[in-house]
Amino acid sequence: MAIHPTIFAERRATPGQLRAVSELRLGDARSLFDSRVNSRMNGAMYTGGFVIECLLKALLLERHRNLSGPVDLGKLSKPDREVHEMLYRHDLDDMLDFLPEIRTKLEKIKSTRGTTQWQDLFDVCSEWTIYARYSSKLANRRDAEQFLNTIEEIKEWPRQQ
């Protein structure tokens with residue numbers, strides 16, 4: 001079987017591409033959820049968290065434009081070097097530390113759950129990890145629905161920045 005090589009090629013995405021990919025992954029997450037198959041709920045939640053990862057990375061790249069192309073790691077400042085490393089990791093809570101303006105803005109916006117969008121984003125970023133893709137424990141449909149609804153609500157702000 002031949003594997004289509006262009007989808008697996010390693011490349012640096014632009015902030016706009018990351019935002020576009022976030023919408024594609026949200027569609028993937030919703031498709032898994034809409035299957036109504038309980039064993040697909042982990043995949044729906046994992047893919048939903050990836051939506052936020054893409055959006056946070058887009059914001060990081062916008063704030064550190066010098067990291068958009070090839071870089072000489074030895075010439076980067078310490079914060080730029082840390083952000084560069086984050087672009088290849090999946091630690092959402094670490095990304096939030098480099099984007100303090102998100103907290104300032106989202107603390108002022110109430111969510112449908114009665115909390116703030118900052119609290120919802122913080123909770124998603126604290127809870128979600130790539131290890132969900134390896135979990136043998138199954139999420140239930142109610143938890144997946146709540147998680148995806150939270151993702152859909154909080155994704156709007158980072159997309160507009």
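The values are calculated or read from the model by the stated rules, or taken from the named source; none is laboratory data. The shown structure was predicted, so the numbers you read here are calculated from the model rather than taken from an experiment. Heads up, the Cβs are rebuilt from the backbone with ideal geometry, glycines too, and the neighbour counts pull from every protein chain shown. With ligands, DNA and RNA removed, areas are computed over all heavy atoms of the protein, side chains included. Shrake-Rupley method; radii C 1.70, N 1.55, O 1.52, S 1.80 Å.
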So how far apart, in nm, are the two label points at Tyr131 and Val37 if each is 7 Å from Cα heading toward Cβ?
2.7
Give the label of the value calculated from the structure for Rg/Rh (Cα atoms, Kirkwood Rh), choosing from (1) 0.95; (2) 1.08; (3) 0.99.
(3)
Over the chain, the sum of -39500 (n - 2.57) across DSSP H runs of at least four, divided by residue number and rounded to 500 deg cm²/dmol, gives at 222 nm -18500 deg cm²/dmol
What order do Thr14, Thr112 take when sorted by accessible area (1.4 Å probe), most exposed first?
Thr112, Thr14
Rounded to the nearest 20 debye, dipole of the chain from Cβ charges on Lys, Arg, Asp, Glu:
260
Non-local amide H neighbours of Thr116 (under 5 Å, H modeled in plane, Pro and chain starts lacking H): which ones?
Ser111
Tail weight of P(r) past 15 Å, computed on alpha-carbon pairs of the range 23-95, percent:
59
Leaving out ligands and nucleic acids, and using a 1.4 Å probe, what accessible area per residue does the range 1-145 come to in Å²?
60
A 1.4 Å probe over the protein heavy atoms gives the chain a carbon and sulfur accessible-area percentage of 53
Using the Karplus equation 6.51 cos²θ - 1.76 cosθ + 1.60 (θ = phi - 60°), what ³J(HN,Hα) coupling, rounded to whole Hz, does each residue of the range 86-91 give in order, writing x for Gly and Pro?
4, 5, 10, 10, 10, 8
Can you pull the one-decimal nm distance between simple spin-label points at Arg63 and Asn149, each 7 Å off the Cα toward Cβ?
3.0
Accessible area, 1.4 Å probe, largest first: how do Glu107, Glu152 sort?
Glu107, Glu152
